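Visitor: Before I ask anything, let me first share the structure, which is written out below as structure tokens.
The values are calculated or read from the model by the stated rules, or taken from the named source; none is laboratory data. Model, not experiment: these values are computed from the prediction. FYI the Cβ positions are ideal-geometry reconstructions off the backbone, even for glycines, and counts take in every protein chain you see. These area figures cover heavy atoms from the full protein model, side chains too; ligands, DNA and RNA do not enter into them. Shrake-Rupley method; radii C 1.70, N 1.55, O 1.52, S 1.80 Å.
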Amino acid sequence: MRTMKFISAAFALLLGVTSCQQKQENPEAVIEQKVDALLSQMTLEEKLGQMNQISSYGNIDDMIALIKKGEIGSILNEVDPARINALQRAAVQESRLGIPLLIARDVIHGYKTIFPIPLGQAASFDPQVAEDGARVAAIEASSVGIRWTFAPMIDIARDPRWGRIAEGCGEDTYLTTVMGAAMVKGYQGDSLNDPTSIAACPKHFVGYGATEGGRDYNSTFIPERRLRNVYLPPFEAAAKAGAATFMTSFNDNDGVPSTGNTFILRDVLRGEWGFDGIVVTDWASAAEMMNHGFAADEKEVAQKAVNAGVDMEMVSYTFVKKLPELIKEGKVQEATIDNAVRNILRIKFRLGLFEQPYVDENKNVMYAPAHLEAARRAAVESAILLKNEEQTLPLGKAVKTVAIIGPMADAPYEQMGTWVFDGEKSHTVTPLAAIREQFGDKVQILYEPGLGYSRDRNTGGIAKAVSAASRADAVLVFVGEEAILSGEAHCLADLNLQGAQSELIEAIARAGKPLITVVMAGRPLTIGKEVELSDAVLYMFHPGTMGGPAVADLLWGKAVPSGKTPVTFPKMVGQIPVYYAHNNTGRPATKKETLLDDIQIEAGQTSLGCTSFYMDAGFDPLFPFGYGLSYTTFAYSNIKLSATDLKKDDVLTITFDLENTGSYEGTEVAQLYVQDKVGSVTRPVKELKRFARITLKPGEKKNVSFELPISELAFWNIDMQHTVEAGDFNLWVAPDSQSGTPITFKVTD
Ligand code: BGC
């Protein structure tokens, strides 16, 4: 006991002396010295303890006993500030070296104040929304002692069957890159050292979203060129934005599970990008390498993971159990362990945990008015107007009675969406509650849910809903998915509306009243039929705590929709994968192909045109990427390029006029797409390169400009070099990925 105290005191002295002497020095250099000083005192067991992450369990005394022995470096899933302080006290005051714990939690789209699911945030095409959401989450989570979140999830997802599409920013590399970096900034604030900052953890590294068949945890087969062109850029940007940690993914890509993948963890992440933070496994993904058939036993698991570049193991304990033996046998070098521990200690120092390990247990920042306001704004911006025939929306004064129908109209838990552990439904404002509160004195509200929940097949309530619809001037039907239908392991093979929701809409449509369908879901659904039946469709994804007030604002025109689809909406599941930035085939669809119903009996074998399409679904999706309407209209004109013959180090300036040609003030997300027409390898038919949200009053016209350094047209080419290839390019400035006329420019060497 006395020795322990002496060592701690000596270490404290050392820290003090070092910091006095180096007052003038670069703080990073000071941290490195502190890390080395601490490391030099650690036993192998203490080092392995730092590499061990456990999930909190009921009996705090058991955890405290392990912490005192230095056997735990990080704990996830503990949220009680008093317990967190007690655990930290054990680490800081009672373990030999006093190293604080890193307390982690999945704070994905809010801690208490729940923002729209990340896919919804991506629909805003507004990095400020992403940054604010992460900042609010960080302020609330850090107030209880959580200093590490496992977010942002920046897996490119092109298959809406995959339940985890909800957690990311959709199908596009550039959009995900911008939004992911903004989230990192929001979580980590200006400095990790600020007590309201929490370490971000871009995940899942890498390729997890390309899971075969959209079935979670499944294998991926992404060749290196595609990996580098499509899947890696958001992670590289997150690393550049200073993300403190990275998480490996569950998938094996071309046979190599990420948790044992030296190429991505050592060569790319550390070697090419210079990442010096923590690499943590996903939940038991180390031990799961045995299920993959990539490691025979726990010993091989630990060997492969640590040698591949993993620093911390989440909950499968093979490191603590097997590394001592592996080191003795020379299969893992002690230097490898030292580096892993350095990475962990470095982040603990950067977070200021040594100086400020405890939280104020009485502080309450949850659901602060500014947080709720930011969540409401995010939900407004996340909403996508998919259809609005004859300006059904916004609802005007003529609407004196509204029928509110559907299982999502008053489902406070469900509208928060997936990955909500801490947000409480008692704080959620539903559409029904918000409409009653905001408009209850102006319009008569007839509420008849029709169905109890999204999967409800009991059609007994539909007749009452139809009766309410027939007595109303307008019908609002809220459908979608319960929260549990998306997220981890929650994949679907059928993306039609669940339960009897479609039947409900069909029955209500027969009432012949203006029908407005609002969808709250974790993914794009195949709602072609329901779109046909509706006069207007507003797609909200799961909008979070303030979804109700946001939708009320939008329906009555206090706010105007501005969201755009962050992922292509398929007509039917069989079209998947369907994404806009695909390569061209040798026989591209003409979109005039003959479809099933038009094919004659005994038609000639070549009569269909021999192009790339489905006879039953055609080529086009239900809604393309980047699509979304407004209550007003916008006109693009006068698109000009600063030059049409450019060198590789030039910057191209694109200017255009955007005019609000309708009668509401509104915001347009203008998008810039580019196509490299001929390459040493085939290139996507278009790729998003810039976007901007532009707000205009009715009749207002603005000249807008985008700056595009030609270097951003670089890609990994036939020689696996990241380079711009000279040649001709097409460029579009457009309201979505399917509109606009191309303008050409040339890049020469
Ligand atoms: C998920 C991760 C998550 C982790 C910790 C895993 O099952 O894949 O995204 O961060 O659990 O909760």
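Visitor: Ranked from the most accessible area to the least, with a 1.4 Å probe and all protein chains present, what is the order of SER562, SER680, SER40? Show your work: numbers first, answer last.
Guide: Working: SER562 5, SER680 50, SER40 95 Å².
Descending accessible area places them as SER40, SER680, SER562.
Visitor: Share of the chain's accessible area from carbon and sulfur, percent, 1.4 Å?
Guide: Working: 14080 of 28310 Å².
Carbon plus sulfur share of accessible area: 50 percent.
Visitor: Next question. Which percent of the Cα-Cα distances in segment 685-749 go past 17 Å?
Guide: For segment 685-749, the share of Cα pairs beyond 17 Å comes to 54 percent.
Visitor: Would you work out the charge dipole size for segment 22-147 about its Cα centre, treating the Cβ of every Lys and Arg as +1 and the Cβ of every Asp and Glu as -1, and quote it to the nearest 20 debye?
Guide: That gives a dipole near 260 debye.
Visitor: On to the next question. Relative to the present Cα-Cα distance, how much length would full extension add between GLN356 and ARG266 at 0.36 nm per residue of separation?
Guide: Once the chain is fully extended between GLN356 and ARG266, it gains 29.2 nm.
Visitor: Moving on. If you look at just the Cα atoms of segment 338-383, how large are its Rg and its Dmax in Å?
Guide: In Å, with Rg to one decimal and Dmax whole: 17.9, 48.
Visitor: Taking H placed 1.01 Å from N in the peptide plane, check which residues at least 5 places from TYR539 or on another chain put their amide H under 5 Å from its amide H.
Guide: It is ILE384, LEU385, LEU386, VAL519, by chain and number.
Visitor: Further question on the same structure: Could you tell me how many cubic angstrom of Cα convex hull volume the chain has per residue?
Guide: It comes to 183 Å³ per residue, whole-number rounded.
Visitor: Right, something else. With r as the distance between the Cβ atoms of GLU532 and THR633 and R0 = 25 Å, compute the FRET efficiency 1/(1 + (r/R0)^6) and round to 0.05.
Guide: Efficiency computed from Cβ-Cβ geometry: 0.65.
Visitor: Continuing with the same structure: Could you please put LEU372, LEU227 in sequence from largest to smallest accessible area, using a 1.4 Å probe?
Guide: LEU372, LEU227
Visitor: Residues of segment 311-457: accessible area per residue at 1.4 Å, in Å²?
Guide: In whole numbers, segment 311-457 has 44 Å² accessible per residue.
Visitor: Size of the dipole of segment 380-515 about the Cα centre, Lys and Arg at +1 and Asp and Glu at -1 on the beta carbon, nothing else charged, in debye to 20?
Guide: The dipole of segment 380-515 has a size of about 660 debye.
Visitor: While we're here: Ratio of segment 531-590's C-alpha Rg to 2.2 N^0.38 Å, to two decimals?
Guide: Values: Rg = 16.5 Å, N = 60, 2.2 N^0.38 = 10.4 Å.
Computed over Cα atoms of segment 531-590, the ratio equals 1.58.
Visitor: While we're on this one: Restricted to Cα positions, what overall size does segment 208-289 have along the principal axes? Three whole-Å values, descending.
Guide: In descending order, the Cα extents are 33, 28, 18 Å.
Visitor: Can you give me the distance in nm between label points at GLU503 and LYS558, each placed 7 Å from the Cα along the Cα-to-Cβ direction?
Guide: Output for this residue pair reads 3.7 nm.
Visitor: Another one. For the residue pair LYS328 and ASP649, what label-to-label distance in nm results when each label sits 7 Å from Cα along the Cα-to-beta-carbon direction?
Guide: About 5.9 nm separates the two model spin labels.
Visitor: Taking the convex hull of the alpha carbon atoms in segment 368-455, what volume per residue do you get, in Å³?
Guide: It is 144 Å³ per residue.
Visitor: Looking at the chain only, what percent of DSSP beta bridges run antiparallel? Nearest 5 please.
Guide: On the way: 47 of 87 bridges.
That works out to approximately 55 percent antiparallel.
Visitor: Listed here are the pairs LYS571/LYS701; LYS363/LYS564; LYS69/LYS348; LYS68/LYS322; LYS185/LYS701; LYS564/LYS591; which of them are more than 28 Å apart at the Cα? Intermediate values should be presented prior to the final figure.
Guide: On the way: LYS571/LYS701 35 Å; LYS363/LYS564 38 Å; LYS69/LYS348 19 Å; LYS68/LYS322 21 Å; LYS185/LYS701 33 Å; LYS564/LYS591 23 Å.
Listed pairs above 28 Å: LYS571/LYS701; LYS363/LYS564; LYS185/LYS701.
Visitor: What list of ³J(HN,Hα) values in whole Hz, one per residue of segment 416-422 in order, does the Karplus curve 6.51 cos²θ - 1.76 cosθ + 1.60 (θ = phi - 60°) give from phi, with Gly and Pro shown as x?
Guide: Per-residue couplings from phi come out as 6, x, 6, 6, 10, 9, 10 Hz.
Visitor: Here is a follow-up. Stokes-Einstein at 4 °C, 1.567 mPa s, Kirkwood radius from Cα pairs: D for segment 431-588 in µm² s⁻¹?
Guide: The calculation lands on 76 µm²/s.
Visitor: A further question on this structure: Could you tell me the extents of segment 298-356's C-alpha atoms along the three principal axes, largest first, rounded to whole Å?
Guide: Each principal axis gives a Cα extent; for segment 298-356 these are 38, 23, 17 Å.
Visitor: Tell me which residues come under 5 Å, amide H to amide H, from VAL279 once H is placed; ignore anything under 5 positions away on its chain.
Guide: PHE246, ASP311, MET312
Visitor: Which of the residue pairs LYS299/LYS331; LYS397/LYS697; LYS387/LYS513 have a Cα-Cα distance greater than 20 Å in the structure shown?
Guide: LYS397/LYS697
Visitor: Let me ask another. What is the calculated FRET efficiency for ASP620 to THR695, with r their C-beta to C-beta distance and R₀ = 35 Å, to the nearest 0.05?
Guide: That gives a FRET efficiency of 0.70.
Visitor: So if I restrict to the alpha-carbon atoms in segment 629-724, what is the Rg, and what is Dmax, the biggest pairwise distance, in Å?
Guide: 16.3, 53
Visitor: Hey, another quick one. What accessible area per residue comes out for segment 467-529, rounded to a whole number of Å², with a 1.4 Å probe?
Guide: Details: 1800 Å² over 63 residues.
Here the per-residue accessible area is 29 Å².
Visitor: Return the lysines within reach of LYS746: Cα separation strictly under 22 angstrom, same-chain partners fewer than 8 residues apart disregarded; answer none if there are no such residues.
Guide: LYS640, LYS647, LYS648, LYS677, LYS686, LYS689
Visitor: Arranged from highest to lowest average of other beta-carbon atoms within 10 Å per residue, in what order do the peptides 363-369, 400-406, 514-520, 252-258 appear?
Guide: Order by mean packing, descending: 514-520, 400-406, 252-258, 363-369.
Visitor: Per residue, what volume in Å³ does the convex hull of the Cα atoms of segment 561-685 enclose?
Guide: Values: hull volume 22.1 nm³, N = 125.
Cα-based convex hull of segment 561-685, divided per residue, equals 177 Å³.
Visitor: Take every Cα pair under 8 Å in segment 282-396 that's 6+ residues apart, average their separations, divide by the length, and report that relative contact order as a whole percent.
Guide: Details: 64 pairs, mean separation 22.0, N = 115.
Worked out over segment 282-396, it gives 19 percent.
Visitor: Ok, one more. Once label points are set 7 Å from the Cα along Cα→Cβ at both ARG471 and THR723, what is their separation, rounded to one decimal in nm?
Guide: The answer from the label model is 7.4 nm.
Visitor: Whole-Å semi-axes of segment 98-251's equivalent ellipsoid, largest first, each the root of 5 times a Cα gyration tensor eigenvalue?
Guide: The equivalent ellipsoid of segment 98-251 has semi-axes of 25, 16, 14 Å.
Visitor: Within segment 473-494, which residues have the backbone N less than 12 Å from the label spot 7 Å out from LYS425 along Cα→beta-carbon, could you tell me?
Guide: Only 482-484 fall inside the zone, counting backbone N under 12 Å.
Visitor: Can you give me the long-range amide H partners of PHE150? Hydrogens built in the peptide plane at 1.01 Å from N, cutoff under 5 Å, separation of 5 or more residues or another chain.
Guide: The list, which skips near neighbours in sequence, is ARG105, ASP106, VAL107.
Visitor: Follow-up question, since we're still on this one. As I understand it, the dipole of segment 397-479 uses +1 on the Cβ of Lys and Arg and -1 on the Cβ of Asp and Glu, about the Cα centre. Which of THR428, ALA472, LEU451 lies farthest toward its positive end?
Guide: Checking the options against the dipole of segment 397-479, the answer is ALA472.
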